[in-house]
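Each remark here refers to the structure printed beneath this line.
Every number in this text was worked out from the coordinates using simple rules, so none of it is lab data. Quick caveat: nothing in here was measured; it's all calculated off a predicted structure. Cβ atoms come from the backbone with ideal geometry, glycine included; neighbour counts cover every protein chain shown.
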Amino acid sequence: VAFFNAKKKLLNKHFLVTAGPTYEKIDPVRFIGNYSSGKMGFALSEALADEGAKVTLVCGPVSLQTTHKNIVRVDVESALQMKVACEQVFPNADGAIMCAAVADYRPKHPADQKIKRTRDDMSIELEATDDIAATLGKLKTDRQILVGFALETQDELANAAAKMKKKNLDFIVLNSLQDKGAGFGVDTNKITILSDGNKAEEFELKKKSEVACDIVEKLAAVLAGK
Ligand code: CTP
Ligand code: CA
């Protein structure tokens, strides 16, 4: 039996993946969100599952579907709900990939009733959400792997390296904005992987499914060294 599975790198492993945006309630009919499609997180979940791993995919509101038998999907809406789900799953996992575009701020006092259009100007007070990756970074044991993403518009490598350290990540995937084929909504991505010791590995522009395989290969190699 082992023979048939010889090529699968992540058999008997379990990973948490976060994907998509979060929605932060303003009132019963409005929210603060972002353009994340969830495509990269779903592609990663499928690449992990294809290597034989079990995946718990915690995702914000997305219009994607997955049918892989190794993927269990947990749907959430807000950053707080995503954090609670992740804290529950992570202690029993071999690692996590933090791919979600989590809102950094949420309305401090969401309204119970629909806000009426009675004023000329209007502002909403916001408060910071919890950093889910950093929360898991504090929970992480030596045998677990934690991977994050970064999107930067300046000092890309230095900022990504700082994020990796601050959140206690094993490596961080930098999304390059330089390229029009990379980022939100599209099916392609261009990444650089930064790991401990700050060796930067640059990859070509590829389909997100292929980028996912590159990331999973790196994850399997780092995990094997733990
Ligand atoms: N992340 C998270 N929880 C948050 C914010 C970010 O888990 N509340 C994760 C993302 O999923 C990603 C990594 O942290 O893997 C970096 O996200 P990013 O938005 O680039 O970094 P921030 O720490 O939020 O810093 P900033 O937005 O100010 O650049
Ligand atoms: Ca952010």
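Here's the yes/no breakdown for (1) in contact with a strand residue (DSSP E or B) (Cβ under 7 Å, 6 or more places away or on another chain); (2) touching a residue at least 60 places away in the same chain (Cβ under 8 Å):
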| site | (1), (2) |
| --- | --- |
| 8 | no, no |
| 20 | yes, yes |
| 25 | yes, yes |
| 55 | yes, no |
| 58 | yes, no |
| 63 | no, no |
| 95 | yes, yes |
| 115 | yes, yes |
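Among residues of segment 29-69 being in a loop (DSSP other than H, G, I, E, B) and touching a Gly at 6+ places or on another chain (Cβ under 6 Å), the one that is surrounded by the fewest Cβ atoms within 10 Å (Cβ to Cβ) is 64.
Set side by side, the residues 96, 134 differ, and just one is assigned to a helix (DSSP H, G or I) and within 14 Å of the chain's Cα centre (by Cα), which is 134. Only one entry in 124, 115 is in a loop (DSSP other than H, G, I, E, B) and in contact with a Pro (Cβ under 6 Å, 6 or more places away or on another chain), namely 124.
Going by what's in this entry, would residue 125 be described as surrounded by fewer than 18 Cβ atoms within 10 Å (Cβ to Cβ) and farther than 24 Å from residue 104 by Cβ? Don't jump to the end; show me each part of the working.
Working: surrounded by fewer than 18 Cβ atoms within 10 Å (Cβ to Cβ): yes; farther than 24 Å from residue 104 by Cβ: no.
Answer is no for this residue.
Among residues of segment 78-113 being farther than 12 Å from residue 25 by Cβ and surrounded by fewer than 16 Cβ atoms within 10 Å (Cβ to Cβ), the one that is nearest to ligand 1 (Cβ to nearest atom) is 104.
Scanning segment 12-28 for residues that are more than 10 Å from the chain's Cα centre (by Cα) and crowded, with 20+ Cβ neighbours inside 10 Å gives 13, 15, 22, 23, 24.
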